[in-house]
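The values are calculated or read from the model by the stated rules, or taken from the named source; none is laboratory data. All figures in this text were calculated on a predicted structure; none of them were measured in a lab. Backbone-built Cβ (ideal geometry, glycine too); neighbour counts: all protein chains shown. All accessible areas refer to the heavy atoms of the entire protein, side chains included, with ligands and DNA or RNA removed. Shrake-Rupley method; radii C 1.70, N 1.55, O 1.52, S 1.80 Å.
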Amino acid sequence: MTSKIWGGRFQSATDAVLEAINVSIDFDKRLGLQDVRGSLAHVAMLAARGIVSKADADQIAQGLERIEGEIESGAFNFSRALEDIHMNVESRLAELIGPAAGRLHTARSRNDQVATDFKLYIRDAIDALDAALADLQRALATRALEEAGGVMPGFTHLQSAQPVTLGHHLLAYVEMIARDRSRFRDARARLNECPLGAAALAGTSFPIDRVMTAQALGFDRPTANSLDSVSDRDFVLETLSAAAICATHLSRFAEEIVLWTTPQFGFVALSDKFTTGSSIMPQKRNPDAAELARGKSGRVIGALVALFVVMKGLPLAYSKDMQEDKEGAFDALDTLALSIAAIAGMVYDMRVDRARMKAAAGAGYATATDLADWLVRALALPFREAHHVTGRIVALAEARGVGLDELTLKELQGVEPRITAEVLDVLGVEKSVESRKSFGGTAPDNVRAAALAWLEKLKT
């Protein structure tokens, strides 16, 4: 007979290949504390319902608390021979308290146990990510307030479009991250139902109290269908989806840092803290932290795709394929947390070259739209006509090799005779950003107000 805990009907040992592919303790040991928490709630409920004696429940609880301490201190010995975290904890419990340990698994299965453990883990991870993202928002809003008047080029198609401010640009990411946090909160709210007590797939004949265990573990309620409880991982998919979107936002910002730190842009510089050198080119200062944050987004997105592929063909209820739900999720959430920290560090670290940004903001005839708007306001031209007039003025400036603000009034009137000297006030980049006072616009006063509002909101 095999020595496995589940091996009552088995007569011989499993093949070494099956042992290798089946074992999960190498990664699911990360669920150790969650497994103990779930077991403590379960045994308390069993005792309250008279399913196990109070004496046995007390013994089990004491043993579990000791195991919790061993896991926290790093003293717990995880054994590959015991396959997974559940069997490791149960085996250690038996070593500590003897036969009473065997009563802990009454009215539950590893199927509902692992679903509960993983929900607890994902919930904890979401809470940690939310705190980290709030810190990143604070970093961005703080720098946005400092750079509320820092004029820079705004781009579409990576071509100069209209002047904006760096503060406005940074606040765009504050808004994106706010939606990321909202997605994580939504995922947390939906996952907050407790699978414990669903057992293998059909529930149990023991008179358990699932509401009690759900409340003890901080869930809103128990899951309503035992099949669904053990067979879906949509709570992981939803969390990874939010993580993938968040990683994409971080990657986009990382790409901008990479561009901005090049000599060709020169908008910002990073210190030694967030750059590395070259083994052959002494002059190099490489923005590796940004590049790695950009690259690591692929791992987060990949984990989401991998789990979709695992789940897409599984009939109800539990299948061992679902053991593949953890490694990718663990890695993705760790990777995202590290990327958030790296981006926040660079936001605080970067030194801004305002003069360089302002000079670039005027390149590419970025105030052309301001000129067109002035033609509409001052001369009552239809916007489409104003657009064509402005296009001819841009062509003139381009032919002369000068900026719009370097054309003389006479040259402007050569294209549209009704233009007055008043137009010269709208052709500078600072005047341009100051005029964008519509709600959500880039005017420095708007940016200061928005940054202060975010910093106040983030206090709570």
Give me a count of the residues in the stretch 261-289 that are touching a residue at least 24 places away in the same chain (Cβ under 8 Å) and out of contact with any Ser or Thr (no Cβ under 7 Å at 6 or more places or on another chain).
8
Name every residue in the stretch 201-217 that is of a type in the set (Val, Ile, Thr) and within 17 Å of VAL36 (Cα to Cα), in order of residue number.
THR213
Could you tell me whether the stretch 75-88 includes any residue that is within 22 Å of ASP209 (Cβ to Cβ) and under 38 Å from the mean Cα position of the chain (by Cα)?
yes
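Sort through ARG103, ARG92, ARG80, ARG108 and tell me the only one that's at pLDDT below 95 and on the phi < 0 side of the Ramachandran plot.
On the way: ARG103 fails: at pLDDT below 95; ARG92 fails: at pLDDT below 95; ARG108 fails: at pLDDT below 95.
On inspection, the qualifying residue turns out to be ARG80.
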Checked pairs for the stretch 298-324, first over 19 Å from GLN113 (Cα atoms) and open to solvent by 30 Å² or more (accessible area, probe 1.4 Å), second at pLDDT 95 or above and β-branched (Val, Ile, Thr), C-beta under 8 Å and 6 or more apart or across chains, list as ARG299/THR335; ILE301/THR248
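Residues that are open to solvent by less than 10 Å² (accessible area, probe 1.4 Å): list the helices (runs of 4 or more DSSP H) wholly contained in the stretch 349-460 that include at least 2 such residues.
Working: elements: 354-361, 368-379, 383-400, 409-415, 429-435, 444-458.
Of the helices (runs of 4 or more DSSP H) lying wholly inside the stretch 349-460, those with at least 2 residues that are open to solvent by less than 10 Å² (accessible area, probe 1.4 Å) span 354-361, 368-379, 383-400, 429-435, 444-458.
Please determine whether any residue of the stretch 141-151 is in a helix (DSSP H, G or I), open to solvent by 10 Å² or more (accessible area, probe 1.4 Å), under 30 Å from ASP58 (Cβ atoms) and at pLDDT 95 or above. First the steps, then the outcome.
Here is the first cut: in the stretch 141-151, the residues in a helix (DSSP H, G or I) are 141-146.
Now restrict to residues that are open to solvent by 10 Å² or more (accessible area, probe 1.4 Å): 142-143, 145-146.
With the extra rule that they be under 30 Å from ASP58 (Cβ atoms), the set shrinks to none.
Looking for residues that are in a helix (DSSP H, G or I), open to solvent by 10 Å² or more (accessible area, probe 1.4 Å), under 30 Å from ASP58 (Cβ atoms) and at pLDDT 95 or above, one finds none in the stretch 141-151, hence no.
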Single match in ARG185, ARG221, ARG181, ARG143 (criterion: in contact (Cβ under 8 Å) with a residue 12 or more places away in the chain, closer than 16 Å to MET357 by Cα and of a type in the set (Lys, Arg)):
ARG143
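Does at least one position in the stretch 162-173 carry a residue that is open to solvent by 10 Å² or more (accessible area, probe 1.4 Å) and among the small types (Gly, Ala, Ser)?
Quick first cut of the stretch 162-173, residues open to solvent by 10 Å² or more (accessible area, probe 1.4 Å) only: 162, 164, 168-169, 171-173.
Subsequent filtering for residues that are among the small types (Gly, Ala, Ser) retains 172.
Taking every residue of the stretch 162-173 in turn, at least one turns out to be open to solvent by 10 Å² or more (accessible area, probe 1.4 Å) and among the small types (Gly, Ala, Ser).
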Can you tell me how many residues in the stretch 92-122 are surrounded by fewer than 20 Cβ atoms within 10 Å (Cβ to Cβ) and basic (Lys, Arg)?
1
Looking only at the stretch 323-346, which residues are of a type in the set (Phe, Trp, Tyr) and in contact with a Gly (Cβ under 8 Å, 6 or more places away or on another chain)?
none
Flag for VAL352 being free of Cβ contacts under 8 Å to residues at least 24 places away in the same chain and under 24 Å from VAL164 (Cβ atoms):
no
Residues to consider are GLN137, GLN62; find the one that is more than 30 Å from HIS168 (Cα to Cα) and in a helix (DSSP H, G or I).
GLN62
Would you confirm, using the coordinates I've provided, whether GLY69 is among the small types (Gly, Ala, Ser) and either open to solvent by 30 Å² or more (accessible area, probe 1.4 Å) or over 36 Å from the mean Cα position of the chain (by Cα) (or both)?
yes
Contact list please: Cβ distance under 6 Å, first residue in the stretch 238-249 and at negative phi, second residue of a type in the set (Asp, Glu), pairs at least six apart or on different chains.
CYS246/ASP180
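Here is a check on your reading of the model: is LEU292 of a type outside the set (Val, Ile, Thr) and either in contact (Cβ under 8 Å) with a residue 40 or more places away in the chain or in contact with an Asp or Glu (Cβ under 6 Å, 6 or more places away or on another chain) (or both)? Don't jump to the end; show me each part of the working.
On the way: of a type outside the set (Val, Ile, Thr): yes; either in contact (Cβ under 8 Å) with a residue 40 or more places away in the chain or in contact with an Asp or Glu (Cβ under 6 Å, 6 or more places away or on another chain) (or both): yes.
The answer is yes for LEU292.
From GLY7, GLY50, grab the single residue that is modelled with pLDDT of 90 or more, in a loop (DSSP other than H, G, I, E, B) and surrounded by fewer than 18 Cβ atoms within 10 Å (Cβ to Cβ).
On the way: GLY7 fails: modelled with pLDDT of 90 or more.
Just one listed residue meets the conditions, GLY50.
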